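The structure appears below as structure tokens.
The values are calculated or read from the model by the stated rules, or taken from the named source; none is laboratory data. Treat the numbers as computed from the prediction; the structure is a model and nothing was measured. All Cβ positions, glycine included, derive from the backbone under ideal geometry; neighbour counts span all protein chains shown.
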2 protein chains.
Amino acid sequence: MEWEGKLPPKLLEEYVLKILRKDDPRLLVGPSIGEDAAIIDFGEKVLVIHSDPITGAVQGIGWYAVHIACNDIATRGAKPRWLLPVLLLPVGQISLLKEIVKDIAKAAEEVGAVVVGGHTEFTPGLNRPIISMTAIGEVDKNRYVTTSMCRPGDLIILTKGVAIEGTSIIANELEEYLKKRLPEYLIERAKKFTREISVVKDALTAVSVGGVHAMHDPTEGGVAGGIQELAMASKLGVVAYEEKMIIREETREILSLVGADPLKTISSGSLLIVAVPSKAPEIVKALKREGVQATIIGEILDDPRKRYIVRKDGRRLDLHQHIKDDLWEALKKYEVLK
Amino acid sequence: MEWEGKLPPKLLEEYVLKILRKDDPRLLVGPSIGEDAAIIDFGEKVLVIHSDPITGAVQGIGWYAVHIACNDIATRGAKPRWLLPVLLLPVGQISLLKEIVKDIAKAAEEVGAVVVGGHTEFTPGLNRPIISMTAIGEVDKNRYVTTSMCRPGDLIILTKGVAIEGTSIIANELEEYLKKRLPEYLIERAKKFTREISVVKDALTAVSVGGVHAMHDPTEGGVAGGIQELAMASKLGVVAYEEKMIIREETREILSLVGADPLKTISSGSLLIVAVPSKAPEIVKALKREGVQATIIGEILDDPRKRYIVRKDGRRLDLHQHIKDDLWEALKKYEVLK
């Protein structure tokens, strides 16, 4: 088997989760599919902790690693507080180190976290830097949320729009190709979407209003994948409407040109918030006051057999089957075009 | 500058620590030279957390990564409780994954910790597995110890002996060479020293007796380096006596053959415990009851100008200068011998 990237759920279950013991009474949420951050009981508070590596070639890897790890803390309803970056650098790249540490410091400042530990080394055999980032937060025990705590009738809010990260990656990677076909200002704006990758403000604003039952940041598989994971983890049904979702001009134009479905393209930067109907409009207003656009896009249903998104043309996108992210196909197309 | 391995203290200060903010009132011990595990205030308890990568080719890397990370938790006086392993594997090595996860589960069981999160992926471009392990523990706020809390008059206890890990590495790496010159049973025993790499029992036994002011596990630079770091961190003097230290037959024979000083060779597996004189003998007895050999090897002095080890021949090993680990020279010799 030749896998690249993150271990698929089935193999994760068989090769990792099955082998590990999980019998700790203090462990409120442990390692399981779709639940990335662990939650540990600390009396009145819970500790929320998550480790995530960045192994791909990424511009501003230090900044990115902080935000990606902190997103998983914030989606639990916890403020990210403490960071432990493990930096593995190609031998000799000491100026890269300074740049990465500055980027980490900048991102930490942005989310209000501090670096409390970590490790730095030059690792023989690496051709690019790798960062493994551990982020920690805490929140009152009666206030944390998970992906699995949706209830029937809850409304689903989506912040910022669909395919935020995907639009930015494609704009950066396919820039030359796109610039021959679309206005330059549009490509330039799309390239900067990556700056919106943090959902910490989105998540903390939502929980400050109250009534939030679950949150999830849609990454691989896009917003469709994220909605599917909410329903699966909660063992409930779901309906969402494409026409209610923010799809930015940049996303629409660029993704249609490369044949990627905006609903199925990686969307770090967006947050799915599941809340009681009485609070949902108030959460949307509070987000707008903070400069975060958001819309109510759907509802949690009682019947787990009903899981779908109504497309603009009225067709249904079924959320029972596995959702493959369209980003990789789009980038492969680029390889051919180059 | 071509550095390999862990960033040296001076560069760590300039390229990392200087750039980071540390102004968190809850952060009792943050990132600084010689203090690896962070300590965060949680009211009556403190959280002890540490991340450490294993990037070299290591037999049983999963088992080793757990113990190395947990050692840093235990030397704070805290029981390791929770683990987040980030596993980066060469593409296609799925059978290796199963082995590593089993090794992690085994080591976690040995120290009484559970895996609460983490990440597994197959990373393009890697030729060996890399593990970044985060370990977490907790301890009462009035009971944690650091490297810097030594007081004048405190006695120093060393567990297990000197150069435990170094003896094992050399026995494994130079096996062919050594077997032509030393009895086989001795090499075979030395190779197994790596099994003694955990100091969790040593540390927790010591703190259960009480009177412990500081602990440190001597890694690079050996026991001499570890004693130096205790004195430097505490801004005090120190005297220790080689003749009081346990130097096993295997260590003495093997290290003398390759010209490595047992006091200056990497010694993970040993623990330096600094305790009030009235408690030190009791700690040694408690350790022996647990099957851990230990001796009182020296004393903390008031005068920071006095930092030395009295060798068996009466000469003094000054602990003001940088102590270079002898392991690397010994292994280079092997390259020539091969």
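Structure summary
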{"read-out": "Qualifying residues in the range B:274-288 (those that are surrounded by fewer than 14 Cβ atoms within 10 Å (Cβ to Cβ) and of a type in the set (K, R)) - the one nearest to B:G298 (Cα to Cα)", "value": "B:K285"}
{"read-out": "Candidates A:A190, A:A135, A:A107, A:A203, filtered to the one that is assigned to a helix (DSSP H, G or I), on the phi < 0 side of the Ramachandran plot and touching a His at 6+ places or on another chain (Cβ under 8 Å)", "value": "A:A107"}
{"read-out": "Number of positions in the range B:246-260 that are of a type in the set (G, A, S) and assigned to a helix (DSSP H, G or I)", "value": "1"}
{"read-out": "Among the residues listed as A:K244, A:K179, A:K192, A:K235, the single one being surrounded by fewer than 21 Cβ atoms within 10 Å (Cβ to Cβ) and within 25 Å of A:W63 (Cβ to Cβ)", "value": "A:K192"}
{"read-out": "Which numbered condition A:L84 fails, given (1) within 7 Å of chain B (Cβ to nearest Cβ); (2) over 26 Å from A:T147 (Cβ atoms); (3) crowded, with 22+ Cβ neighbours inside 10 Å", "value": "(2)"}
{"read-out": "Test: A:L263 is assigned to a helix (DSSP H, G or I), over 14 Å from A:G226 (Cβ atoms) and either out of contact with any Asp or Glu (no Cβ under 7 Å at 6 or more places or on another chain) or at pLDDT 95 or above (or both)", "value": "no"}
{"read-out": "B:G166 outside the structural domain of B:C70 (by TED's automatic domain parsing) and either in a loop (DSSP other than H, G, I, E, B) or polar (S, T, N, Q) (or both)", "value": "no"}
{"read-out": "Tally of residues being under 18 Å from the mean Cα position of the chain (by Cα) and either within 8 Å of chain A (Cβ to nearest Cβ) or modelled with pLDDT under 95 (or both) across the range B:100-143", "value": "4"}
{"read-out": "Filter pass, A:D154 being within 14 Å of another protein chain (Cβ to nearest Cβ), among the acidic types (D, E) and in contact (Cβ under 8 Å) with a residue 40 or more places away in the chain", "value": "no"}
{"read-out": "Close pairs from the range B:239-259: first on the phi > 0 side of the Ramachandran plot, partner outside any helix (DSSP H, G or I), Cβ under 9 Å, at least 6 apart", "value": "B:G259/B:D326"}
{"read-out": "Condition check for B:G34: more than 7 Å from chain A (Cβ to nearest Cβ), touching a helix residue (DSSP H, G or I) at 6+ places or on another chain (Cβ under 9 Å) and modelled with pLDDT of 90 or more", "value": "no"}
{"read-out": "Subset of the range B:303-334 (residues that are within 18 Å of B:I246 (Cα to Cα), in contact (Cβ under 8 Å) with a residue 60 or more places away in the chain and part of a loop (DSSP other than H, G, I, E, B))", "value": "B:R311, B:K312"}
{"read-out": "Cβ-Cβ under 6 Å pairs, at least 6 apart or on other chains, the range A:1-15 side at the interface with chain B (Cβ under 7 Å from one of its Cβ atoms) and more than 18 Å from A:D52 (Cα to Cα), far side part of a helix (DSSP H, G or I) and modelled with pLDDT of 75 or more", "value": "A:M1/B:I94; A:Y15/B:L97; A:Y15/B:K98"}
{"read-out": "Every residue from the range B:60-76 that is surrounded by fewer than 24 Cβ atoms within 10 Å (Cβ to Cβ) and within 12 Å of chain A (Cβ to nearest Cβ)", "value": "none"}
{"read-out": "Residue count, the range A:88-99 (criterion: more than 7 Å from chain B (Cβ to nearest Cβ) and over 13 Å from A:W63 (Cβ atoms))", "value": "5"}
{"read-out": "Some residue of the range B:42-59 being in a loop (DSSP other than H, G, I, E, B) and away from chain A (no Cβ under 11 Å)", "value": "yes"}
{"read-out": "Subset of the range B:273-330 [touching a strand residue (DSSP E or B) at 6+ places or on another chain (Cβ under 9 Å) and among the polar types (S, T, N, Q)]", "value": "B:Q293, B:T295"}
